[in-house]
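Every number in this text was worked out from the coordinates using simple rules, so none of it is lab data. Small disclaimer: the values here were computed from a predicted structure and weren't measured. With ideal geometry, Cβ positions are generated from the backbone for all residues, glycine too; neighbour counts draw on all protein chains shown.
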Amino acid sequence: MRPPQDARWLSQTVADHELKLLRYATSLVGPSLAADLVQEAFLRLCKQDRAEVEAYVAAWLFKVLRNLCWNAMRGERRMNLETMLDGIASIGADPERHAAGRQRLSLAAKAMGDLPQRQAEALHLKLGAGLSYKQIAAVMDTSVSNVGVLVHTGLRSVRSALAEVEQPSDSERVSTA
C-alpha cells in the first residue's frame, strides 16, 4: 500500500497533467481512445517508484502516453492533424471562443496538414501541452536543439501559410476600394 504522501502526490500529478495529456492523446488517436490511454499512462505511473520519476514526471507521462498512442495506431503513417486541432479546440474550451476561433482553426489545420509528422508533434507538445524543449526532447527521443529546429520550422511554415491565406487578394482589394 502506498504511503498517504504518495497518494496525495499522485492525485496532484493527475490534476496537474490530465488535461494536457488528454489533449495530446486526442491529437494522436482521436477522442475515442484518448481517455483510455491517458488512464493507462497514470496506471503505469502508479507502479513506478515516486523517487525515480518525480523529478521529470511530465516528460515521463508524455513519453509513456506517446508510446501507448503509437501502439494503438500502428499502421498509420501520419497523425490526423484535423483531429489534433479539433482535440485542442474542444477539450476545456469556452464554447463562444471555440465558435469564434473555428475558422482560424480550420485555416491552421490546412496549414499544418503539410507539415512533416515530427514538426506537427513537436508543435503540439510545445503549444498544446506546454512542455519545455527539454521535456519534448525526452518524449520524442531527440536532442533539445532538434526540438528547437522542429518547433521553429513548423511555426514559420504555419505562419507563412496563414499569412498567405489571410491576405486579401488583389481582386478583393479592388472591390472594397
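A few remarks follow.
- Highest mean first, the peptides 37-48, 22-33, 124-135 sorted by other C-beta atoms within 10 Å per residue fall in the order 22-33, 124-135, 37-48.
- When both segment 49-73 and segment 102-154 are represented by their alpha-carbon centers, they are found 18 Å apart.
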